[in-house]
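First the structure, in the form of structure tokens, and then the observations on it.
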Amino acid sequence: MSAKNSDHYRNKLILAPMVRIGTLPIRLLSLRYGADLVYSEEIIDWRLLRSKRVKNEMLGTTEYVDETDGSLVFSTCEEEKSRLILQIGTSDPDRAVQVLLKMQDLISGIDVNMGCPKEFSLKGGMGAALLTQPEKVKAILSALVKYATIPVTCKIRVLPTIEETLELALLIQSCGVSAVAIHGRNINERPQHANRSHFIKAIAEKLEIPVIANGGSKEISCYEDILKFRAEAGASSVMVARAGEWNPSIFRPEGKLDIEIIIKAFIKESILSDNPFQHTKYTIQNILRDLQETPRGRVFLSSQTMNELCDIWELQDFYKDTKLKWEEFKKKHKRPADEDIKDPKKPKLDMPFDKSIICVPDCEFIRKHYSTNESLPKSILLKWTIKESFGVPKYSMECSDKKFLAIVEVGGRKFMTDVWEKSKKLAEQGAAFACCRYLKLMEKKIF
């Protein structure tokens, strides 16, 4: 694959990759509001490689479902195919190529994250860890370009000097990529620090491939500001992150829409694509920002289901009508093992005891929902396991970027949720909640 596909990235307004936010609903809204291209959230290569591709005819989507825990890893649809860029986290050329070959018929480009400064990425040799490993950069990008039938790009952060950044950018260009996105802050800087537009401009003047400017959301509050940032950075295109997450209608030349309109449109798209509740809630939190502290915002923060969200924004009828259509579809298209295919995120209640991990999504532990210590998920689960002679539940823990995810083992089965918590105690309650919900212990009121 040569850089002849660079026009795909020239004169474009682009939604940046954002973890837990850059899912299908927000990508579709961004495109409808005027974005030319949208990036997926960064997905680690091994998660995609251990996922099974499923055609969800009910939703009109193609999904990648983790075969180890049944969680949804990635979802896309025909509407975005020609404008969707998949961003992957990788440190290995072979794994990167395997992901490419597995998915390139569904996307219009593949991008390698070489700028993420988070500890998880750095420890895995991914993201910003690649900025100082030019040989590995060359190996990964050259391998992708060799096997790709779609454009290959990467996203980097600036290095301490223009000269060092330019040297890396020239190396990247020599691999045959179609464009490079440059975030104007270094690995140690965050949004409160100034974005180095002059670095981006100096590099754009030297490269033959398009340069996509990133990092300007601090100064972007309207459509005109996007164009101003592009001019200041001397870039071919602009990639918008936080300004797009706060309000995806930032891409409208006619001006932004009120966030009430945005939130309702986003909830509808989340329902239609069966977006995981916690991703939906997290995105709305980022749209509301300071408004989370209003009376309505506090009601929103206590919500635990999509139905509760719809109550807040008066979308109950839309939610019920959609659910009804799904039920009618299932009745007409029922097949053996249909439940496994149509709703991979739903736990299988008839699963025999085994060592696999059962992931029950959206089990966020909110302490104020439990009036006594005896009503806490861990307490309920402990009483039940002792009663059923399973012994004491065993908890194990994973930690990433100062967030915790627990797994609880009960009677030979392991349970978890997809919600990361800020402490080990909360994570254990979340895992217990997932197990209790799966076993319907809350409904039995054994406490």
| remark: Note to self: C-alpha centroids of segment 30-81 and segment 387-420 sit apart, in Å, by 27
| query | Around F74, which amide H atoms from residues at least 5 apart in sequence, or from another chain, sit under 5 Å from its own amide H, with H modelled in the peptide plane? | reply | Y64
| request: For helix 277-288, report the angle its Cα long axis makes with the longest principal axis of the Cα atoms of the chain; keep it between 0 and 90° and round to the nearest 10°. | output: 50
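By per-residue mean of other Cβ atoms within 10 Å, what is the highest-first order of 90-97, 26-33? Don't skip to the answer; put the middle values down first.
Details: 90-97: 19.0, 26-33: 22.9.
Result, highest mean Cβ count within 10 Å first: 26-33, 90-97.
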| query | How large, in Å, is segment 34-186 by the Kirkwood hydrodynamic radius built from its alpha-carbon pairs? | reply | 15.9
| Angle between the chain longest axis and helix 259-272 axis [Cα atoms, degrees, rounded to 10] | 70
| field | Spatial separation of Cα centroids for segment 112-127 and segment 188-238, in angstrom | value | 22
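Expressed in nm to one decimal, what extension gain is obtained for the pair E119 and L291 from 0.36 nm per residue of sequence separation less their Cα-Cα distance?
On the way: separation 172, 0.36 × 172 = 61.92 nm, distance 3.01 nm.
Extra length available between E119 and L291 comes to 58.9 nm.
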| Mean projected area (nm²) of the alpha-carbon convex hull when segment 143-184 is viewed from all directions | 2.9
| field | Residues of segment 383-423 with amide N under 20 Å of the 7 Å Cα→Cβ point at H193 | value | 401-402
| field | 10 Å beta-carbon shell around I88, net charge (K/R +1, D/E -1) | value | -1
| field | Calculated from backbone phi, Karplus (6.51, -1.76, 1.60) coupling profile of segment 74-81 in Hz, x at Gly/Pro | value | 7, 9, 8, 8, 4, 4, 9, 3
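On a 19 Å Cα-Cα criterion, which of the cross-link pairs K368/K422; K264/K320; K323/K440; K52/K136; K414/K440; K403/K425 come out too long?
On the way: K368/K422 16 Å; K264/K320 15 Å; K323/K440 22 Å; K52/K136 28 Å; K414/K440 16 Å; K403/K425 11 Å.
Over 19 Å Cα-Cα: K323/K440; K52/K136.
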| field | Under 9 Å, Cβ to Cβ, from A35 - net charge with Lys/Arg +1 and Asp/Glu -1 | value | +3
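What is the gain in length, in nm to one decimal, between K146 and K325 on full extension, counting 0.36 nm per residue of separation less the C-alpha to C-alpha distance?
Working: separation 179, 0.36 × 179 = 64.44 nm, distance 4.47 nm.
Taking K146 through K325 to full extension adds about 60.0 nm, to one decimal.
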| message | Running a GNM on the chain with Cα contacts under 10 Å, which residue among N247, N373, N195 ends up with the highest mean-square fluctuation? | response | N373
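If you stretched the chain out fully between N11 and M442, how much longer would it get, using 0.36 nm times the residue separation minus the C-alpha to C-alpha distance? Write down the numbers at each step before the final one.
Working: separation 431, 0.36 × 431 = 155.16 nm, distance 5.45 nm.
Taking 0.36 nm per residue and subtracting the Cα distance, the gain is 149.7 nm.
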| Rg to Rh quotient for the chain, alpha carbon positions, Kirkwood Rh | 0.98
| What residues of segment 163-186 lie in the reach of a label at E219, counting those whose backbone N is under 14 Å from a point 7 Å from the Cα along Cα→Cβ? | 184-185
| field | Between 0 and 90°, nearest 10: helix 162-174 axis offset from the chain longest Cα axis | value | 80
| note | With L106 itself left out, Lys, Arg at +1 and Asp, Glu at -1 over residues whose Cβ is under 15 Å from its Cβ give +1
| field | Lys, Arg +1 and Asp, Glu -1 on Cβ, resulting dipole of segment 1-133 about Cα centre, debye, nearest 20 | value | 200
| remark: So, with points 7 Å from each Cα along the Cβ direction, the S371-E314 label distance in nm works out to 3.3
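Each value in this text was obtained by applying a stated rule to the coordinates, not by laboratory testing. What you are looking at is a predicted structure, and each value in this text was computed from that prediction instead of being measured. Please note: Cβ atoms are built from the backbone with ideal geometry, for glycine as well, and neighbour counts cover all protein chains shown.
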